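Structure record follows, encoded as structure tokens.
What follows is calculated from the coordinates using simple rules that are stated; it is not laboratory data. All values derive from a computational prediction rather than experimental measurement. So basically every Cβ, Gly included, is an ideal-geometry build from the backbone, and we count neighbours across all protein chains shown.
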Amino acid sequence: MISIANYINGVLKQSNSNKELDVYNPAVGKVYAKVPDSDASDIEEAVAAAKKAYPSWSATSIEERHDFLMKISRAIEADLDGLALAESIDNGKPLWLAKSVDIPRAASNMRFFATAIMQFASEAHEMNGKAINYTLRRPLGPVACISPWNLPLYLFTWKIAPALAAGNTVVAKPSEVTPMTAYLLSKICKEVGLPPGVLNVVHGQGQNTGAVLSAHKDIKAISFTGSTKVGADIALKAAPSFKKYSLEMGGKNPNIIFADCNYDKMLETTLRSSFANQGQICLCGSKIFVEKSIYEKFKIDFVKKTSELKVGNPIDSDVKIGAIVSKAHFDKIMYYIDLAKEEGGRILIGGKAVKPKGNENGWFISPTVIDGLAYNCRTNKEEIFGPVVTIIPFDTEEEVLQMANDNDYGLAATIWTENLSRANRMASQIEAGIVWINTWLLRDLRTPFGGMKNSGVGREGGFEALRFFTEPKNICIEYSK
Ligand code: NAD
């Protein structure tokens, strides 16, 4: 049994209460590790360490911070195989996916912000020869980074890298469902000699650790990725002390397919945007709107492609759909499949729990395609976050725009058409923070990332993240005597 430790003030240690939580390998449905069930006293210690480390870390040169982040990035790359295997076991995602996406992206997050901070600059505003204003951007102090289970190391590093690069110290709270790679990263930080207290990782349940951290008086900002419900709770906790916050939350993303699209590319990509990571990516296109003239053809082709996706042991290289992250999440997805049936949906394929040979006790769901539902029923409005998509026909651009925007969320949207004018018209009118045209999940780390409506407040990515993690101060100097 692996025993995961907190990382506080440069030391790997258990929680003060010595209480622990079970960590499951979802592909076999068994506990394989224990993680600290930390409480307020552990958070107190971590925030105190971050506070103590802040004066010297914020005074380091950008070159020094760049060098530390690059060392961490290289260490992640050097342990690609070990980290990918750990991520796959912890989360249930296919090993090849962890190896080709999650871990390389974690390394590039560190590298990206190591170099971004070297280029980051503040503004000057001259006033017609009379005066000049310049803006100083200072780090904030100890900040909190709270991350979810679906892309564990990928999203954990996406937050801590800009926070550290900008000169803040961090108390980070990874998901208790998938804590392993954040723990392994703590070990890397020790190995590369990151000064004590600069990064602190406290494991535990959302209510006992995340909530206490969000409300802590010495925490200056909160960067959160997770569910909309928890995001709302964090906003409430942060408000009384006027902390800055950035909230990246749920999605129910439309994938809009016009008849004039590049059909083969659309089909391949739609398979990925529906089922990658078992559909547990906030950006997955879970509502597929298809123009009526190709609706029947798409249905047949898409169901056939879906039937070819192998569900099974995440370690096997030919497996496309691994395990669902936890029993609780498995139950939630199955609940929504039942709801879809109650709402009159037809299950075209999937809709069932699967027991792959050798992994009979794991939590697997076959990729599921549903049609026959109203665009605004609960199944089509609530986030399922699993390998479940619905298909909805449409006649006109106006109609699909109205259906797509009748959405409490506004994270991402995908549009498939070869008509350039229509693509741009749709993109400008769709209510989503990120729009992909004829592609999906193509990411440039410099671009603003985030959602509108119930999907988020604020933007991550590029200089946006460095702006979030710094406080601007304007200084005005008059030239005249
Ligand atoms: P979650 O909200 O349950 O948990 C996220 C993190 O918050 C975990 O570390 C958890 O322990 C912590 N937490 C829980 N309760 C808390 C509280 N009261 N105060 C402070 N912290 C608390 O989310 P999840 O189930 O881990 O992740 C899935 C969700 O994340 C989905 O809704 C998905 O859409 C969303 N997500 C969004 C993005 C994005 O970029 N917008 C990316 C990935 C995932």
In which sequence would M110, M426, M266, M70 go, from the one with the fewest C-beta neighbours within 10 Å to the one with the most? M70, M426, M266, M110
Against the 2.2 N^0.38 Å scaling, with N counting residues, where does the range 411-481 land? I'd like the Cα-based Rg ratio to two decimal places. 1.60
For the range 436-481, what relative contact order do you get, as a whole percent, if you take Cα pairs closer than 8 Å and at least 6 residues apart? 24
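Please report the net charge: other residues with Cβ closer than 12 Å to the Cβ of P179, K and R +1, D and E -1.
Neighbour charge sum, excluding P179 itself: -4.
Only counting other Cβ atoms within 10 Å, I'd like F112, F242 sorted with the fewest neighbours first.
In increasing order of surrounding Cβ atoms, one gets F242, F112.
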Let me know the Rg and Dmax you get for the range 52-123 when you use only its Cα atoms, in Å. 15.2, 46
Stokes-Einstein translational diffusion, the range 299-399 - Kirkwood Rh over all Cα pairs, 0.692 mPa s, 37 °C, in µm²/s: 227
How large are Rg and Dmax for the chain when calculated on the C-alpha trace, in angstrom? 23.1, 84
Normalised by the residues of the chain, what does the relative contact order come to in percent, with Cα pairs under 8 Å and at least six apart? 19
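Only Cα pairs under 8 Å and at least 6 apart count here; give the relative contact order of the range 254-437 as a rounded whole percent.
Over the range 254-437, the number comes to 27 percent.
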Post the alpha-carbon centroid distance, the range 174-189 to the range 320-334, in whole angstrom. 21
More than 27 angstrom apart: percent of Cα pairs within the range 254-437: 24
Ordered by number, the GluC sites (Glu not before Pro) in the range 92-181 that occupy a DSSP loop and have at most 16 other Cβ atoms within 10 Å are E123
Put +1 on the Cβ of every Lys and Arg and -1 on every Asp and Glu Cβ in the range 348-405; which of L373, G350, V400 then has its Cα farthest towards the positive end of the dipole? G350
Mean residue ellipticity (222 nm) of the chain, computed from DSSP H runs ≥ 4 via -39,500 (n - 2.57), nearest 500: -12000 deg cm²/dmol
Within a Cβ distance under 9 Å of D371, other residues only, what is the Lys/Arg minus Asp/Glu net charge? +2
